[in-house]
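Down below is the structure, laid out as structure tokens.
The values are calculated or read from the model by the stated rules, or taken from the named source; none is laboratory data. No experiment lies behind these values; they were computed from the predicted model shown. Cβ sites come from the backbone with ideal geometry, for glycine too, and all protein chains shown count toward neighbours. When the accessible area is computed, the model is the full protein with side chains, heavy atoms only, and any ligands, DNA or RNA have been set aside. Shrake-Rupley method; radii C 1.70, N 1.55, O 1.52, S 1.80 Å.
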Amino acid sequence: GKKAQESANDTGAGKANTPRMKIAMVTHQPPGDTFWDIVRKGAEAAAAKDNVQLVYSNDPDGDKQATLVQNAIDSKVDGIAVTLSHPDAMAGTVKKASGGGIPVVVLNAGMDDWQKVGALEFFGSDESLAGESAGKRLSTEGAKHVLCVLHEQGSVSLEARCGGLAKTFSGKTDKVYVQGTNMPSVRSTIAAKLKQDKSIDRVVALGAPFALTALQSVKDAGSPAKVAAFDMNPAMVKAVQDGTVEWAVDQQPYLQGYLAVDSLWLYKTNGNVLGGGQATPTGPYFVDKNNVAAVAQYASRGTR
Amino acid sequence: MSQAVDAAAPPSAPDERLTRRSPLARLLARPEAGSLAGAVVIYVFFFAVAPPFRGLDALATILYASSTIGIPAVAVALLMIGGEFDLSAGVAVTSSALVASMLSFQLTLNLWAGIAVGLLLALGVGALNGYLVMKTGIPSFLVTLATFLMLQGLNLAITKVITGNVASPDISDMDGFGAAQKVFAAEWRIGGLSLRISVVWWLLFTALATWVLLRTRVGNWIFAVGGAESSARAVGVPVRRVKIGLFMAVGFLAWFTGMNLLFSFTTVQSGEGVGNEFLYIIAAVIGGCLLTGGYGSAIGTATGAFIFGMTTQGIVYAGWNADWFKFFLGAMLLGATLLNLWVRRRTEASR
Amino acid sequence: MSQAVDAAAPPSAPDERLTRRSPLARLLARPEAGSLAGAVVIYVFFFAVAPPFRGLDALATILYASSTIGIPAVAVALLMIGGEFDLSAGVAVTSSALVASMLSFQLTLNLWAGIAVGLLLALGVGALNGYLVMKTGIPSFLVTLATFLMLQGLNLAITKVITGNVASPDISDMDGFGAAQKVFAAEWRIGGLSLRISVVWWLLFTALATWVLLRTRVGNWIFAVGGAESSARAVGVPVRRVKIGLFMAVGFLAWFTGMNLLFSFTTVQSGEGVGNEFLYIIAAVIGGCLLTGGYGSAIGTATGAFIFGMTTQGIVYAGWNADWFKFFLGAMLLGATLLNLWVRRRTEASR
Amino acid sequence: MSETATRTPLVRLTDCEKRYGTIIALTGVSLEVDAGEVTCVLGDNGAGKSTLIKIISGMHQADAGTYEVEGEPVRLASPREALERGIATVYQDLAVVPLMPVWRNFFLGSEVRKGAGPLSRLDIRFMRDTTRTELHNMGIDLRDVDQPIGTLSGGERQCVAIARAVYFGAKVLILDEPTAALGVKQAGVVLRYIMRAKARGLGVVFITHNPHHAYPVGDRFLLLNRGRPLGTYAKDEITRERLTTLMAGGEELEQLSHELEGAADADLGRVAEELEQEVAELSGRAAPPEPPGS
Amino acid sequence: MSETATRTPLVRLTDCEKRYGTIIALTGVSLEVDAGEVTCVLGDNGAGKSTLIKIISGMHQADAGTYEVEGEPVRLASPREALERGIATVYQDLAVVPLMPVWRNFFLGSEVRKGAGPLSRLDIRFMRDTTRTELHNMGIDLRDVDQPIGTLSGGERQCVAIARAVYFGAKVLILDEPTAALGVKQAGVVLRYIMRAKARGLGVVFITHNPHHAYPVGDRFLLLNRGRPLGTYAKDEITRERLTTLMAGGEELEQLSHELEGAADADLGRVAEELEQEVAELSGRAAPPEPPGS
Ligand SMILES: Nc1ncnc2c1ncn2[C@@H]1O[C@H](COP(=O)(O)OP(=O)(O)OP(=O)(O)O)[C@@H](O)[C@H]1O
Ligand SMILES: Nc1ncnc2c1ncn2[C@@H]1O[C@H](COP(=O)(O)OP(=O)(O)OP(=O)(O)O)[C@@H](O)[C@H]1O
Ligand SMILES: [Mg+2]
Ligand SMILES: [Mg+2]
């Protein structure tokens, strides 16, 4: 309950005495998303530690996100951490920032493009790689037919996850789009899909809340399918512990946020650059029954 | 035609100025008939093309999905008949669920206390919307757009502040959960079939709204304020009270849907509900409600929600390529609407 | 009052049945005045609270962001004045950009060929919307909802089929890119300032629409078909042609915005644009257009887009907590609308 | 008609003024309506007659002046309050809801219900029957009281509005050009209704452009011109001819007649003759009464 | 008035029928309008007069029957086509756009432009001036031609609709109860307009409930009853009295008079006397003409 949460809420380490600086983080987070919430917590923790004023903004639309980067440039920030989920749409503006002397790091999305826009570092997990490892794992588990649940249509990262999965998975992969903002419809749609194709034996939801809803759909449809997921949230930990969800692919969003801010701080105060010109992977990391205990404590306070 | 002023009731002989119409034609001329026809055709269509669609369990799933749109759509339709919009209905659902769960959780109260506070909040938001619209004369589209944005912001921000997370805590182990779940989200499994109480509620609310619209004074007033506001005022309809009441009705059913959500899923994502307000409006419009007010029906709206729910699920049951989902959805909605129109034209022309 | 039938022009002495009004009051009584006042107040507000907002570069960014809403909003406003909606405007932007880029890319054509085909497509979609609305009498909300869904589906599915991806290929190295970029997405850097051509286009389109609305026959017809369709038809306004024309105008500006998008970013996400149709409608409504038709202005709509753009950006410049973003946005829109109202009430009351 | 002097009038409006923005629609107008009396408001188009009755009926609030109902100063915020005081109005624009059935329009705002508490519901049969009967009494034989009122003819719609006001008017009946769209027969019925309302002790305000409708039924005449009162006359202070002349402007008609006479066409000449005859009669002796429906 | 027999009529409607869904609004009605002639359509409320003119003006299409304009069979799909053939109409519901300024309404659909090609624009000054002048000529002195027409008084609005039709009517002028909401003076002007249109060789269709308006200007009278023709009369085939009686139903008036006489109230008695006198005049000798505006 409440108490447990409170006790776990102090992630803060000591505070740096470097001059106050302002760092903007611009992401493609849709409103109210669990995953991004954890990214932000990591960024905030680093900011608190590094005496950084963090200005967070987000918009799922590529061109609007570019405008947000422009806002940051106009605001004369000391560094920008940005996601490149729409690399082409963002490139111009981000280049303007890096070319104009504002250090830029890329997180989460843009593994193939971060160097092109003049960014210093990349922290994240390759989405298709994550998908591929999930696909491999499913193959070894002997799954025959996987249903990939995408909670947003037209999203690059979700498509990459699903695409990677399909690539390495030995069996058949199907996908279904659901309306992420409407849980009852998510539940019914997955159930409908399971009924439509009774051979489906795995449901892989690409977001934690949807995996939990998928459990209900499986029950509704009377399907034997097992559920696995991408990303974590507190409820997911419990589900993995209970064994209702087989495993979850974690890309450690906290790490992405934390490193992005912290590395900018390091660059500004000490000239450090991480990764040696290579992307710094933060995942994929499988959370399953074996290692869930280690994560549980942190997940319940919402930082895993 | 030369009777005295206090003449008896007029003659009831058939009027030579009318052509006759068969009872079937009369039935089909009802405003709901067209959308019902649309629903039937879509049902038959999917029945034919999608074997998994044929089972009763599929019907149960579809009905459930439709009911979560259909319940708030009832009130949204009444409001639309009354000539106003409510864009905040979708997030108000989430707001009331969040309030109910977080309040009970934080203060470790019985859930019913949270439920009651959630209701008060939803009614309050409705009343505020109505009050602002009536008091200032700003179009309800703008007023409720502002409420929509503000509620959406509050949902996120307050949930974040209180739980440190973007979802409400799990309440399934709290006092009052069992009873509340029975009321708002009971689910009976009969054989392989899962029947859900929200479907029952949906039918009840639709029946109630139909009764109110057609058989009560308030229903008369709703049509009147939507059809010609100043005329309604001129003949003594309390326009302001009716409209504020309608906004509050939307609040009420939003709250109800929120409770269904909460007790079905035990936790609520704070970003949920955005965009659903349009599903409600779409259901009402497919069901024949006029966006400009003054015309529509609750049964039609229920049919609209059913058509929408059936189409969304049916495409999945049919196993069509998921990439084309939206295209099929659009095409089928257009088809249903055209059919609706065609039925009505036919019956109007038929003598 | 006893002049012969062919009397000369009426006397022009001041009428004893009128109170006098100062020129300022007259100016403030114009429909745009209220929303302009709202814009000014919001500008001053952010200027005070957000230092980064003060620079000219911030203004340039805001203007650019506003222009991408403002350009299609011009046509959407005209359509709304003409009494109809277009929900497909947002995705039509994406569709035309996708078509233009993929067609040129796949067939290795000069980009201008793709641009032309994109235009044809956008105009065609507009004409189809208009034709269906006028021919069937189905509310435009439903018709364009169907087009919206279908276009959205086609965008996703066809892009997927052709590119195997969810985005169009990069076209920056193709023939005609330079010239087209100059037309649709030129950017001049003067000092640290980046001025974008879309702002210029926005002002141009707004001016043109204002001229059309107030000074041409077509403008007269637009007001008439939106204000009282059957009356307009009765006095000989070609209602069908006007409305179809308006839908096509929306198609045209959607195409234009799509080209701006394409040549600014060289690639387009197939899922983009969904939801933008409401931003256009919101801009028009904030700018004083009536949802029910028959009233509104292009300048007001431009102001509405500016208010919306400025608020969205201003909150970011002010560095307020992103969680509260939507809340602030809603509150400021409500504030601007109330101010607008207050200004108009004041000027109406002033003698 | 003379006993009213000592009684408090049902409705008294004093020095009333009304502005729409910069437009002054009414200024310095006073009006009294006594029980059992018909007050006619006469005046040119745009004189402010409808504005005046909208103030009485609570649709608008006066910007200046006082308004008393049965001696008690009031400020009616809505027509509902007027209706609750027994003041029923036929508006010039009829105030109907086009998409609603005739019978729902008839009873709108004053619905008849049966059953009690939350189960109280509309007494549809009664309302349908009453609507049909009342309209039939006015000479309108409706095909179907469930027809949307917007599909009725202009006169039929006007009859619904009148029948409704007559049915619900308890103390004061206000009629804004009720006979404008009516046929001869229906107009006659309306005049009869007015007389019967008067006989039942109601106060009636009657607006018309037809002096031949106004004079027979009116007890008091208020003449408006460009928003200002031209004078109030009791019936015994004014002759029918004077009233007609005041409303029509005798010189106007004479001019018309001359003009037409000058026309070349023989046909026109004939009309001119006829018109001249009228003018002679008007400015000369009694213009004989005419049938109620003209 | 007699030369029309050999000419092709401007407008000829034969055996026309119109249904609205199950409602038969018009059946077996024929009508001719000749140049320089006024055809009056008379009938009770709901008789189908407006429906008839809506067919002529292209608003509705007949379900059966033929429609010829200047001898050529047509099927007008919209009022625009009628206007292009020089047929201008004043609709009973006036067909104005309430939110638009008066002058824009006046010229709506027939805007006057200056400049050429894509630069052609509205000649606003001309249109404003013309609107003001034309209305002034009808006795309406507008404060401001930029006022939204929805804020005008009922009569003012009607005058705009009439002035517009008169201004644009080239061959046929159709007037549906044009004088209903008009003051005495304005109604007189409208009758004069009709005479002048006739003199200029236009065909006029004139609908009214006032036989005293119809008789002086009409050349031909079409009587409708419950959607069916009661008969067509040339002016010389019918007397004014007969026409009035046909429209009013003499027995109706007599009954009214008797009823009122029976009433107890002295006041009512007086009115009854007056009404009886009317009846006597109606059924007896010539009801004398009356001023145009009553
Ligand atoms: N759109 C419609 N739908 C159904 N019925 C209609 C429609 N329009 C008219 N009617 C019916 O047709 C009949 C004739 O109407 P119309 O308006 O032609 O009468 P009218 O002779 O002009 O009467 P009035 O003198 O009252 O104006 C009426 O009984 C009316 O109820
Ligand atoms: N809402 C309004 N806004 C502005 N002006 C108005 C409004 N309503 C009425 N007026 C003006 O006030 C004046 C009086 O109008 P009113 O309707 O009272 O006239 P009326 O005497 O009833 O005329 P009619 O005989 O033509 O019905 C008119 O000149 C009209 O233009
Ligand atoms: Mg009036
Ligand atoms: Mg008529």
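Of the conditions (1) in contact (Cβ under 8 Å) with a residue 60 or more places away in the chain; (2) in a helix (DSSP H, G or I); (3) under 30 Å from B:SER67 (Cβ atoms), A:GLY180 clears all except one; give me its number.
For A:GLY180, the exception is condition (2).
What strands (runs of 3 or more DSSP E) lie completely within region E:1-109 and have 2 or more residues being away from ligand 1 (no atom under 16 Å from the Cβ)?
Per the criteria, E:11-20, E:23-33, E:64-69, E:87-90.
Would you say E:THR66 is β-branched (Val, Ile, Thr), open to solvent by 40 Å² or more (accessible area, probe 1.4 Å) and within 12 Å of ligand 2 (Cβ to nearest atom)?
no
I need a count of the residues in region D:139-195 that are among the polar types (S, T, N, Q) and within 16 Å of ligand 3 (Cβ to nearest atom).
2
Taking only pairs six or more apart or across chains, which ones have beta-carbon atoms under 9 Å, a first residue in region E:28-50 that is within 16 Å of ligand 3 (Cβ to nearest atom), and a second residue that is modelled with pLDDT of 90 or more and not in a strand (DSSP E or B)?
Pairs found: none.
Of all the residues that make up region C:316-326, how many are at the interface with chain B (Cβ under 10 Å from one of its Cβ atoms) and hydrophobic (A, V, I, L, M, F, W, C)?
Counting residues in region C:316-326 that are at the interface with chain B (Cβ under 10 Å from one of its Cβ atoms) and hydrophobic (A, V, I, L, M, F, W, C) gives 3.
For residues in region E:182-213 being polar (S, T, N, Q) and facing chain D (nearest Cβ under 8 Å), which is nearest to ligand 1 (Cβ to nearest atom)?
The residue in question is E:ASN210.
How many of the residues making up region D:120-141 are within 14 Å of chain E (Cβ to nearest Cβ), open to solvent by less than 10 Å² (accessible area, probe 1.4 Å) and part of a helix (DSSP H, G or I)?
Residues meeting the conditions: 1.
Go through region D:191-207 and report how many residues are closer than 17 Å to E:GLN186 by Cβ and either at pLDDT below 90 or aromatic (Phe, Trp, Tyr) (or both).
Looking only at that region, the number is 0.
Filter region B:303-351 down to the residues that are in contact with an Asp or Glu (Cβ under 9 Å, 6 or more places away or on another chain) and farther than 25 Å from B:SER22 by Cβ, then identify the one that is most open to solvent (accessible area, probe 1.4 Å).
B:GLY319
So, E:SER120, is that one touching a Leu at 6+ places or on another chain (Cβ under 8 Å) and hydroxyl-bearing (Ser, Thr, Tyr) or not?
no
For region E:154-176, give me each residue that is within 9 Å of ligand 2 (Cβ to nearest atom) and either within 7 Å of chain D (Cβ to nearest Cβ) or at pLDDT below 90 (or both).
Correct list: E:GLY154, E:GLY155, E:GLU156, E:CYS159.
Taking the condition of being within 7 Å of another protein chain (Cβ to nearest Cβ), open to solvent by 10 Å² or more (accessible area, probe 1.4 Å) and part of a helix (DSSP H, G or I), how many residues in region A:74-90 meet it?
1
Just to be sure before I move on: is B:GLY300 closer than 24 Å to B:PHE223 by Cα, away from chain C (no Cβ under 12 Å), in contact with a Cys (Cβ under 8 Å, 6 or more places away or on another chain) and not charged (D, E, K, R) in the structure I sent?
So B:GLY300 fits the description; yes.
Cβ-Cβ under 7 Å, sequence separation 6+ or interchain: first residue in region D:86-99 and hydrophobic (A, V, I, L, M, F, W, C), partner more than 13 Å from ligand 2 (Cβ to nearest atom) and part of a loop (DSSP other than H, G, I, E, B). Which pairs?
D:ILE87/D:LYS171; D:ALA88/D:GLY169; D:ALA95/B:VAL235; D:VAL97/B:ALA228; D:VAL97/B:GLY294; D:VAL97/D:LEU108; D:LEU99/B:GLY294; D:LEU99/B:TYR295
Taking region C:83-116, which residues are within 18 Å of the chain's Cα centre (by Cα) and either open to solvent by 20 Å² or more (accessible area, probe 1.4 Å) or of a type outside the set (A, V, I, L, M) (or both)?
Those that are within 18 Å of the chain's Cα centre (by Cα) and either open to solvent by 20 Å² or more (accessible area, probe 1.4 Å) or of a type outside the set (A, V, I, L, M) (or both): C:GLY83, C:GLU84, C:PHE85, C:ASP86, C:SER88, C:GLY90, C:THR94, C:SER95, C:SER96.
So which residues in region C:168-224 are in a loop (DSSP other than H, G, I, E, B) and either hydrophobic (A, V, I, L, M, F, W, C) or under 30 Å from C:GLY288 (Cβ atoms) (or both)?
Correct list: C:ILE171, C:MET174, C:ALA186, C:THR216.
Counting only residues that are touching a helix residue (DSSP H, G or I) at 6+ places or on another chain (Cβ under 6 Å) and within 14 Å of chain D (Cβ to nearest Cβ), which one in region B:8-30 is modelled with the highest pLDDT?
By that ranking, first place goes to B:ALA29.
Have a look at E:THR151, E:THR179 and point out the one that is open to solvent by 10 Å² or more (accessible area, probe 1.4 Å), within 13 Å of chain D (Cβ to nearest Cβ), hydroxyl-bearing (Ser, Thr, Tyr) and under 18 Å from the mean Cα position of the chain (by Cα).
E:THR179
Looking at region D:16-52, which of the residues that are more than 6 Å from ligand 2 (Cβ to nearest atom), within 12 Å of chain E (Cβ to nearest Cβ) and open to solvent by less than 10 Å² (accessible area, probe 1.4 Å) is farthest from E:ARG157 (Cα to Cα)?
Among residues in region D:16-52 that are more than 6 Å from ligand 2 (Cβ to nearest atom), within 12 Å of chain E (Cβ to nearest Cβ) and open to solvent by less than 10 Å² (accessible area, probe 1.4 Å), the one farthest from E:ARG157 (Cα to Cα) is D:GLU37.
Enumerate the pairs (first residue in region C:193-221 and closer than 19 Å to E:PRO98 by Cα and within 13 Å of another protein chain (Cβ to nearest Cβ); second residue anywhere and among the β-branched types (Val, Ile, Thr) and open to solvent by 30 Å² or more (accessible area, probe 1.4 Å)) with beta-carbon separation below 7 Å, excluding pairs fewer than 6 apart on the same chain, so at least 6 apart or on different chains.
C:VAL218/C:VAL212; C:GLY219/C:VAL212
I want to confirm something. Restricting to region C:41-66 and keeping residues that are without any contact (Cβ under 8 Å) to a residue 60 or more places away in the chain and over 25 Å from C:ASN340 (Cα atoms), which single residue is nearest to the other protein chains (Cβ to nearest Cβ)?
Once the filter is applied, the top-ranked residue is C:GLY55.
I'm checking my understanding of the structure. Among residues of region C:258-279 that are assigned to a helix (DSSP H, G or I) and open to solvent by less than 10 Å² (accessible area, probe 1.4 Å), which one is farthest from C:ALA180 (Cα to Cα)?
Going through the qualifying residues, I end up with C:GLU277.
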